[in-house]
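These notes concern the structure reproduced below.
FYI, it's all coordinate maths here, none of it is from the lab. If you're wondering where the values come from, they're calculated on a predicted model, not measured in any experiment. Cβ sites come from the backbone with ideal geometry, for glycine too, and all protein chains shown count toward neighbours.
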Amino acid sequence: MTATPSAAGPDRPAEPAPPAPGTYRHFKGGRYEVIGTGRHVDTEEALVFYRTLYGDRSHWVRPVAQFVEHVTRDGWDGPRFVREEPQPSQPEPRTEP
């Protein structure tokens, strides 16, 4: 078995940039945390490892190209996932003794 090279070349197009770790919103509304990226052991396809931020908080893997692709469906015309800006830390409310 021969591994597919990971670099772009005449037989392999350039891969999209992988998403940075953080919180993302899916176009259908669910929130997800991107944990990191990696490669498929046999094909070397770039993959995103993420988890749901609702329900059972299950873990999922999706190809990078699919994670960052543009979607036109169900009234949505934009990226499949949109990164949410980190919220500044809120100071803890003070209580008087």
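Residues that are charged (D, E, K, R) and within 17 Å of residue 19 (Cβ to Cβ) number at least 2 in the following strands (runs of 3 or more DSSP E) confined to segment 30-83: 31-39. For beta carbons closer than 8 Å, sequence separation of 6+ or different chains, a first residue in segment 68-82 that is in contact (Cβ under 8 Å) with a residue 40 or more places away in the chain and a second that is among the small types (Gly, Ala, Ser), the qualifying pairs are 68/17; 71/78. For residue 65, state whether it is out of contact with any strand residue (DSSP E or B) (no Cβ under 7 Å at 6 or more places or on another chain), closer than 20 Å to residue 86 by Cβ and among the aliphatic types (A, V, I, L, M). Judged against the criteria, residue 65 is not a match.
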